[in-house]
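Engineer: Pasting in a structure now, in structure tokens, and then I'll have a few things to ask.
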Amino acid sequence: MPSFTPLDLTLVLLRRMQDFHPALVERARRELGADAARMREANRRWQASAHGRYGRGEASRYRAALGEPEARARVRLGDLECEALRWPLPLWPALRFEVLLGPDGRAWNAWLVRAPGHPAPVLRAAADLAPWTATVDEVAAAFPPARPLEGTAPTRTRLLVDVPEDAGTAPYLVDFTWGLLQTATRRPPRQGDSNTGPDTHPER
């Protein structure tokens with residue numbers, strides 16, 4: 001994808017967030033100077049590339065869009081040592097787009113994480129869980145033990161966390177798209193909410 005740019009990938013991320021917050025996405029798109037047609041075209045081309053030369057989820061597909069990563073880091077997941085590649089994107093200067101490579105060199109995960117030098121938000125109550133304010137790791141760290149659940153679609157992650165309230169704690173479902181917080185919904189506990197999805201980054 002020689003003409004696919006960091007702006008185009010940002011539009012792809014926004015397209016996946018549109019189901020949760022269309023007004024926020026439209027405002028962000030205008031801030032980026034892109035019209036709705038460009039966002040649709042960027043998403044179409046990104047989806048087409050998943051079935052083309054690079055194959056869905058391949059690290060080379062992200063490098064083709066973003067160039068060489070700004071930073072690399074070694075990350076340990078259990079007994080495995082992986083490599084994290086990180087790039088800046090136009091819309092979120094305090095975040096980086098991270099692609100996690102397994103020992104075989106394939107992309108295991110891709111999402112937004114906090115950039116070095118930018119403090120994590122203070123998360124103490126449900127009111128702090130506002131859209132686009134926090135990442136998966138930050139919410140999991142703020143409300144342990146966070147229980148990962150199966151996401152509702154590809155690129156989505158869901159955590160079940162206990163959030164402090166006046167009378168104790170209450171369970172909240174927190175949904176993320178590309179690793180960025182979208183919604184936090186209070187609900188009663190349900191049977192089967194124990195670990196049913198992939199774990200978030202352990203030992204990070």
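Engineer: Label ASP166 and ALA71 with points 7 Å out from Cα along Cα→Cβ: what is the distance between them in nm?
Structural biologist: With each label point 7 Å from Cα toward Cβ, the separation is 4.1 nm.
Engineer: From the square roots a ≥ b ≥ c of the eigenvalues of the alpha-carbon gyration tensor of segment 1-109, which class results: rounded (a/c under 1.5), prolate (a/b over b/c), or oblate? Don't skip to the end; give the middle numbers.
Structural biologist: On the way: a/c = 2.09, a/b = 1.60, b/c = 1.31.
Verdict is prolate for segment 1-109.
Engineer: Right, something else. Could you tell me how many degrees, from 0 to 90 and to the nearest 10, lie between the Cα long axis of helix 6-17 and the main elongation axis, the longest principal axis, of the Cα atoms of the chain?
Structural biologist: The angle comes out at about 40 degrees.
Engineer: Here's something else I'd like to know. Would you compute, from DSSP H runs of 4+ residues alone, the mean residue ellipticity of the chain at 222 nm, taking -39500 (n - 2.57) per run and dividing by the full residue count, rounded to the nearest 500?
Structural biologist: Theoretical 222 nm ellipticity from helices: -7500 deg cm²/dmol.
Engineer: State, to one decimal in nm, how far the label point of THR185 lies from the label point of ALA115, with both points 7 Å from Cα in the Cβ direction.
Structural biologist: Taking the simple label geometry, THR185 and ALA115 are separated by 3.3 nm.
Engineer: For segment 53-115 and segment 1-31, write down the distance between their C-alpha centroids in whole Å.
Structural biologist: 18 Å
Engineer: Working out 0.36 nm times the residue gap between GLU150 and GLN47, then minus their Cα-Cα distance, what length gain in nm do you get to one decimal? Let's see the in-between values first.
Structural biologist: Details: separation 103, 0.36 × 103 = 37.08 nm, distance 2.20 nm.
In short, 34.9 nm is gained.
Engineer: Once label points are set 7 Å from the Cα along Cα→Cβ at both ALA141 and ALA36, what is their separation, rounded to one decimal in nm?
Structural biologist: Between ALA141 and ALA36, the simple spin-label model gives 3.9 nm.
Engineer: Which whole-number value in Å³ per residue fits the convex hull of the alpha carbons of the chain?
Structural biologist: For the chain, the hull spanned by Cα atoms encloses 129 Å³ per residue.
No value in this document is a laboratory result; all are computed from the given coordinates. Values in this document were obtained by computation on a predicted structure and should not be read as measured data. Neighbour counts run over all protein chains shown; Cβ positions are idealised from the backbone, glycine included.
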